[in-house]
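The values are calculated or read from the model by the stated rules, or taken from the named source; none is laboratory data. Given the structure is predicted, the values throughout are model-derived calculations rather than measurements. Methodologically, a virtual Cβ is constructed for each residue, glycine included, from the backbone with ideal geometry; neighbour enumeration extends over all protein chains shown.
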Amino acid sequence: MIEFNQLYYLLTIVDNGFNLTRSAKVLHVSQPALSKSIAELEFRQGVTIFNRKKGRIIGLTHIGSGLVRDARKVYSQYEVMLDRLQDSVSEKKGTVRIGIAPVIISTVFNEALVQFIQNNPGIKLTLIEKGAYELQEMLVLGKLDLAILVSPVTFSSISEQVIYQDSVAVWFNRQHRFNQIDGPIPLAEIGKEKIITLNNSFMVTFQLKQHFMHASIQPDFFLQTDSWDLILNMCQKTNNVGILARPIGKNYNTGEIVSREIDPFFPWKISLCALKNVQHSSVVTYTRNWFSDYFLSHKLVPQA
């Protein structure tokens, strides 16, 4: 059996021009110890690896040349193994900057974040809570590693993977006239109401205005705010209607407010985003894959 250190010694001798004194210094061993190791290798394998002249190594035998060639392959695989091992260790250590809208944290990402932190104590997540446009700009400028955004994104340099899908709904109290309408509420009817929704930095609001524009409807935006709970509270206590993603209702369980889908259907898709054509660190790649796998395993990813 050939020991790995013997192969390493062999390669070092060859790479140092068969000079045992120089090779011993490189290996941090004594020259006698190096000579003994090589002699034992030849003795145990019953082969002659080196050509010698007056006791000095001057080159490789035919068998020795083959052994060196194979030893280089083994050592190369060994280095690959070490690199992979180091990557597996380093990918679970470090800091990852993630941009995410507050409403997404509370409705979609809350449980995923808790589980990630519990499972990966070596990774520090720095969360930046902003609107969609600002987060996209920060991602493009390299101020974020990843971003959780409402799809579709507006920058072509950003790649996105849809990880969650639901719908945008209209919200109203139990005394509102919409309770007399069966099924989804037509966009034209919503356009007749005073509307409360998020401010213009949120992608949902941009998409909502696009829907109204394409339908040639001029809506009355009574109030726009950063606070989703204010929107729902206003809908409960006034006769105005709110436009928000349906999952938000999980955080507002008064029983005095109703949500209904919009006609035509208004999807709410959440994407895990990163810059295209960028070599991310192992910890960023690991984090991205972890969240992708989490939503896939929880069947929160829309199936084709």
Quiz item: Would you pick out the residues in the range 112-157 that are in contact with a Gly (Cβ under 8 Å, 6 or more places away or on another chain), of a type in the set (Val, Ile, Thr) and without any contact (Cβ under 8 Å) to a residue 40 or more places away in the chain?
Solution: Ile128
Quiz prompt | Set Val150, Val168, Val162, Val204: member being touching a Pro at 6+ places or on another chain (Cβ under 7 Å) and within 30 Å of Thr126 (Cα to Cα) | solution = Val162
Quiz prompt | Residues being of a type in the set (D, E, K, R), modelled with pLDDT of 95 or more and out of contact with any Lys or Arg (no Cβ under 9 Å at 6 or more places or on another chain) - total across the range 171-192 | solution = 2
Practice problem: Might you check whether a residue that is small (Gly, Ala, Ser) and at pLDDT 95 or above occurs anywhere in the range 133-143? | Solution: no
Quiz item: Can you find a residue in the range 103-123 that is under 16 Å from the mean Cα position of the chain (by Cα), in a strand (DSSP E or B) and assigned by TED's automatic domain parsing to the domain that holds Tyr164?
Solution: yes
Self-check item: The lone exception for Val74 - which of (1) in a strand (DSSP E or B); (2) under 30 Å from Ala39 (Cβ atoms); (3) among the aliphatic types (A, V, I, L, M) it fails
Solution: (1)
Quiz item: What about Ala71, is it in contact (Cβ under 8 Å) with a residue 40 or more places away in the chain, out of contact with any Pro (no Cβ under 9 Å at 6 or more places or on another chain) and farther than 30 Å from Asn119 by Cα?
Solution: yes
